[in-house]
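Visitor: Below you'll find the structure I mean.
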Amino acid sequence: MTDDPALAQFTQLRPRLFGVAYRMLASRSEADDVLQDAWLRWHAQDKSVLHSAEAWLVTVVTRLCIDRLRQLQQLLQRLRQLRPTPSRHCPRCSVT
């Protein structure tokens, strides 16, 4: 196994973290990406100041998912703005 207690904690909590991310994002690949970002933050975090590793990790994963959903929402809004609207006088359109 490993001698790294931070890795052991993350590995133990990974199924729960993945479940949170997957339920929020409805995508395995997006959930995996969020968990990778969470791992990087967890790896850099000073563990001595944390009261609960599980609470910290669930909070980070949740916030990363919210950020990801906001990014996707902004992307959809930009794409909708780029979509041409049908002309009122277009003979092929059903709009008159």
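Visitor: Tell me which residues, restricted to region 1-36, are without any contact (Cβ under 8 Å) to a residue 12 or more places away in the chain and either touching a Gly at 6+ places or on another chain (Cβ under 9 Å) or among the aliphatic types (A, V, I, L, M) (or both).
Guide: MET1, LEU7, ALA8, ALA26
Visitor: With ALA55, ALA6, ALA38, ALA21 as the choices, which residue is surrounded by fewer than 11 Cβ atoms within 10 Å (Cβ to Cβ) and either modelled with pLDDT of 95 or more or not in a loop (DSSP other than H, G, I, E, B) (or both)?
Guide: Within the list ALA55, ALA6, ALA38, ALA21, the selection yields ALA55.
Visitor: In addition: Return yes when LEU13 is more than 25 Å from GLN73 (Cβ to Cβ) and in contact with an Asp or Glu (Cβ under 8 Å, 6 or more places away or on another chain) and no when it is not.
Guide: Yes; evaluated as a whole, the condition is true for this residue.
The values are calculated or read from the model by the stated rules, or taken from the named source; none is laboratory data. Keep in mind it's a predicted model, so treat the numbers as computed, not measured. Glycine gets a Cβ as well: all are built from the backbone with ideal geometry, and neighbour counts include every protein chain shown.
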